[in-house]
Amino acid sequence: MVRETITFRIDQGKRAELDRLAKSIDRDRSYVLNEAVDAYLDVHAWQAAHIEEGLKQAEAGDFADDAEVAAAYERLLR
């Protein structure tokens, strides 16, 4: 894996919190930032995949009928 250096701006308070967190887990700031970026990318990839699947279902006309929606709503209320 080839590593690159990037630069970005961050509030002083966030940097201090990153440093406190890194110190508390005996890691450096780069480790914490890489973990955060990995988590961010994973969440957004998951969301994009689910949106794409939903769009495919919608384009195919695969919608829930009124009874299915009502049943799902009832399950959520419990």
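General remarks:
- Converting the Cα gyration tensor eigenvalues of segment 33-72 into ellipsoid dimensions via √(5λ) gives semi-axes, longest first, of 32, 13, 4 Å.
- Helix runs (DSSP H) in the chain reaching 27 Å along axis by Cα, Kyte-Doolittle at least -0.5: 29-59
- FRET efficiency, Leu77 to Gln57 (Cβ-Cβ, R0 22 Å, nearest 0.05): 0.35
- Over the chain: helical MRE at 222 nm, DSSP H runs n ≥ 4 each giving -39500 (n - 2.57), nearest 500: -24500 deg cm²/dmol
- Pairwise alpha-carbon distances in the chain exceed 21 Å for 59% of all pairs.
- In terms of packing, defined here as the mean over residues of other Cβ atoms within 10 angstrom, the peptides 52-61, 31-40, 3-12 line up highest first as 31-40, 52-61, 3-12.
- Highest average packing first - 43-49, 16-22, Cβ atoms within 10 Å: 16-22, 43-49
Every number in this text was worked out from the coordinates using simple rules, so none of it is lab data. Keep in mind the model is a prediction, meaning the values are calculated, not measured. Every residue, glycine among them, receives a Cβ derived from its backbone with ideal geometry; neighbour counts consider all protein chains shown.
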